[in-house]
Amino acid sequence: MIGEFLDYAINGALIGLLYALVAMGFVVIYRASKVFNFAQGELVVVGGFIVWWLTLGMGLPWYFAIPLAFLLAAIVGYVIERLFFSKLVGESVFSMVMVTIGLLILIRGIVLVVFGAQVRPFPTIFPLKPIIIGDVLIPQSLLYGGILAVIIALALSWFFNQTRTGLKMTASAEDHQVALSMGISVRMSIAAAWVMGSVISTIGAIIFLSGKSLTFLASEIGFIALPVALLAGLESIGGLILAGIIMGVVQGLAEGYLDPIVGGSVGSILPFFIMVFILFVRPTGLFGWKTIERV
Amino acid sequence: MLLKVNNVEVIYNDVILVLKGVNMTMEEGSCIALLGANGAGKTTTLAAISGIIKSEDGKVTSGSIEFDGQRVDNQSVESNVARGLIHVMEGRKVLQHMTVEKNLIVGGHVLKSGAEVKQRIENVYTLIPRLAELRKRTAGYLSGGEQQMLVIGRALMANPRLILIDEPSLGLAPLMVEEVFKILKELRKSGISLFIVEQNTQAALEVADYGYVMENGRIVMDGEADQLMKNEDVREFYLGLNMEGERKSYRDVKHYKRRKRWLG
Ligand SMILES: Nc1ncnc2c1ncn2[C@@H]1O[C@H](COP(=O)(O)OP(=O)(O)OP(=O)(O)O)[C@@H](O)[C@H]1O
Ligand SMILES: [Mg+2]
């Protein structure tokens, strides 16, 4: 009994960390540009296809292919920002969101044309053999992915809160006008954020897809990252870890205990219920920036 | 000559003419005050010099602005900050969610090394000791006066030669205004040039050597600060004093101000 519970909870938590990782890409972009990127999952897919192309397609060894994949993903992020968003700084949230939806459709189209619709095997980057502790069975890719997610969150938090470059980006995240008046290049900050967001998505793709198969359906992970980001509060990177774990455990338990009773899908819609609930009771999430009103 | 504003015209959104042939000059190490009623074009003047108007759809359409002999009109804010020309915007725009010290670190983003940043932060704390006490506090929760000190300190981090400061006294209690202007006087002593936009004419003219009065996008009067202070029109409409030296009620002055034209 308890073993079963732990199995659901621990695996849920690890999957939650993966959501958190994908959400990090989303939040990095949102902070800098205030673009609510609905195409975040598509960035994961693009990252996935780049990795697939370099490893299984071109036959490069992984230690060579992965850094190269990051580089290509960075270029993709940069190009997207230049082409679609650089002209939109200061435009309404609505028009930005519309552009991200357009981007989503566009990327799907391009992926389909370039890579075709067939299911591809994804390289096994993490060992497949699960780790078994008592009744708990943990896939190694999830475990390493979870650890990696935590490390990346800590690194990003440190970068944005402690380093000079990171603080500069945080400043432009907080207020474009103020940052600009200090001579900070807001454009550069936003471009850097898209580059980072795109690379993080590729890391997410590697963990999520390792040893599985790759189609554009993988983009659905981007949609679950959304409620995680909202739960954390859109500006907090460290908060994503906690939010991811909460979301993952809740989902894991619901899938384990509720889905068999009601015949499925409670687990997959629960995150969105939580999201709507959060938006009602605490729109800034657990750790987001509250508006400071001083009179 | 440190700053030379030569016959400058500014147009917003390609149609709204806001500055009409503005001329000003200032020497290195000096302090000038720009006075004028609401909507006169004071903020626009600062924004034209610092380059911020670009981000507000404004443009210098004729004339020129020179800083230390180089054209700075229609240049990017980044390049102007790098030249040592920094604009402290009105409204005490702190980075709300950051601590005081991190605000300062960001202000020093143009400096070359982290060591240099540390050094300058210490300098700022020496100049504005209150900020040292507040270093770990979140900027958004500081009082108005403290926030004003912070934005001044943050500007200092960029190692400026000229600070353009917009209405530093706005909405502050008289004691705080005094504090802030004391800091501005200290800055002057350290050799930094100051361009102050103020509605608090008294306070501004006390620090400044020279003053300009702006109305409807034109300079309508200028002179040595002490001369302006004695000038009857300035006394009446900006200092709120009539010939007998009595302070008029704010409402009277305000009412007058709207009708009075300086050209005449
Ligand atoms: N971005 C803008 N677009 C169009 N018009 C503007 C813009 N900014 C200012 N103006 C107009 O330019 C004129 C001068 O404004 P400005 O802000 O420079 O005045 P000010 O002297 O600083 O006034 P205040 O004392 O109220 O701050 C005003 O009529 C204002 O409406
Ligand atoms: Mg103004």
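Summary table
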quantity: Leading residue by the ranking (surrounded by the most Cβ atoms within 10 Å (Cβ to Cβ)) among those in the range B:26-39 that are under 17 Å from B:D166 (Cα atoms) and touching a Gly at 6+ places or on another chain (Cβ under 7 Å); calculated: B:L35
quantity: Sole residue being closer than 28 Å to B:G41 by Cα and in a strand (DSSP E or B), chosen from B:I152, B:I65; calculated: B:I65
quantity: Filter result for B:S50 (out of contact with any Gly (no Cβ under 8 Å at 6 or more places or on another chain), in contact (Cβ under 8 Å) with a residue 12 or more places away in the chain, buried (at least 21 other Cβ atoms within 10 Å of the Cβ) and under 12 Å from B:L162 (Cα atoms)); calculated: yes
quantity: Subset of the range B:67-88 that is closer than 15 Å to A:S172 by Cβ and crowded, with 20+ Cβ neighbours inside 10 Å - its residue that is nearest to the other protein chains (Cβ to nearest Cβ); calculated: B:V81
quantity: The one condition in (1) within 14 Å of chain A (Cβ to nearest Cβ); (2) within 15 Å of ligand 1 (Cβ to nearest atom); (3) charged (D, E, K, R) that B:E101 fails to fulfil; calculated: (2)
quantity: Residue satisfying all of: in the range B:155-176; in a helix (DSSP H, G or I) and at pLDDT below 95; farthest from ligand 2 (Cβ to nearest atom) among these; calculated: B:L175
quantity: Any hit, the range A:38-54, residues being part of a helix (DSSP H, G or I), in contact (Cβ under 8 Å) with a residue 60 or more places away in the chain and in contact with an Asp or Glu (Cβ under 9 Å, 6 or more places away or on another chain); calculated: yes
quantity: Yes/no for B:I32 being in contact (Cβ under 8 Å) with a residue 24 or more places away in the chain, within 9 Å of chain A (Cβ to nearest Cβ), under 20 Å from B:L156 (Cβ atoms) and in a strand (DSSP E or B); calculated: no
quantity: Top-ranked residue in the range B:106-125 [being touching a residue at least 40 places away in the same chain (Cβ under 8 Å) and over 22 Å from the mean Cα position of the chain (by Cα); ranked as farthest from the other protein chains (Cβ to nearest Cβ)]; calculated: B:L111
quantity: Selection within the range B:13-54 - of a type in the set (S, T, N, Q) and within 16 Å of ligand 2 (Cβ to nearest atom); calculated: B:N38, B:T43, B:T44, B:T45, B:S50
quantity: Those residues of the range B:126-153 which are touching a residue at least 60 places away in the same chain (Cβ under 8 Å) and either of a type in the set (S, T, N, Q) or within 12 Å of another protein chain (Cβ to nearest Cβ) (or both), in sequence order; calculated: B:V151
quantity: Residue tally, condition crowded, with 20+ Cβ neighbours inside 10 Å and farther than 24 Å from B:V197 by Cβ, over the range B:102-116; calculated: 4
quantity: For B:E167: the one exception among (1) within 16 Å of ligand 1 (Cβ to nearest atom); (2) surrounded by fewer than 23 Cβ atoms within 10 Å (Cβ to Cβ); (3) within 14 Å of chain A (Cβ to nearest Cβ); (4) in contact (Cβ under 8 Å) with a residue 60 or more places away in the chain; calculated: (3)
quantity: Condition met for B:S55 (modelled with pLDDT under 95 and within 11 Å of another protein chain (Cβ to nearest Cβ)); calculated: yes
quantity: Among (1) touching a Phe, Trp or Tyr at 6+ places or on another chain (Cβ under 8 Å); (2) of a type in the set (A, V, I, L, M); (3) more than 14 Å from chain A (Cβ to nearest Cβ); (4) within 16 Å of ligand 2 (Cβ to nearest atom) - the single one B:M214 does not satisfy; calculated: (1)
quantity: Matching residues, the range B:1-25, being of a type in the set (A, V, I, L, M) and surrounded by fewer than 20 Cβ atoms within 10 Å (Cβ to Cβ); calculated: B:M1, B:L2, B:I11, B:V15, B:I16, B:L17
quantity: Sole exception among (1) β-branched (V, I, T); (2) more than 16 Å from ligand 1 (Cβ to nearest atom); (3) within 14 Å of chain A (Cβ to nearest Cβ); (4) under 19 Å from B:V220 (Cα atoms) for B:T25, by number; calculated: (3)
quantity: Whichever residue in the range A:171-190 is among the hydrophobic types (A, V, I, L, M, F, W, C) and at the interface with chain B (Cβ under 7 Å from one of its Cβ atoms) and, among such residues, is surrounded by the fewest Cβ atoms within 10 Å (Cβ to Cβ); calculated: A:V178
quantity: Near pairs, Cβ below 9 angstrom, 6+ apart or cross-chain, from the range A:111-122 (surrounded by 10 or more Cβ atoms within 10 Å (Cβ to Cβ)) to any residue that is assigned to a loop (DSSP other than H, G, I, E, B); calculated: A:V119/A:T215; A:R120/A:T215; A:P121/A:G211; A:P121/A:K212; A:F122/A:S210; A:F122/A:G211; A:F122/A:K212
quantity: Positions within the range B:204-224 being within 15 Å of ligand 1 (Cβ to nearest atom) and either within 14 Å of B:M26 (Cα to Cα) or in a helix (DSSP H, G or I) (or both), in sequence order; calculated: B:A204, B:G211, B:Y212
quantity: Residues satisfying the stated conditions in the range A:152-170, i.e. surrounded by fewer than 17 Cβ atoms within 10 Å (Cβ to Cβ) and away from chain B (no Cβ under 14 Å); calculated: A:L154, A:A155
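For (1) farther than 24 Å from B:R92 by Cα; (2) aliphatic (A, V, I, L, M), each residue gets a yes or a no:
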position: A:V119; (1), (2): yes, yes
position: A:S141; (1), (2): yes, no
position: A:Y144; (1), (2): yes, no
position: A:I147; (1), (2): yes, yes
position: A:I152; (1), (2): yes, yes
position: A:N161; (1), (2): no, no
position: A:H176; (1), (2): no, no
position: A:M182; (1), (2): no, yes
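The values are calculated or read from the model by the stated rules, or taken from the named source; none is laboratory data. All figures in this text were calculated on a predicted structure; none of them were measured in a lab. Heads up, the Cβs are rebuilt from the backbone with ideal geometry, glycines too, and the neighbour counts pull from every protein chain shown.
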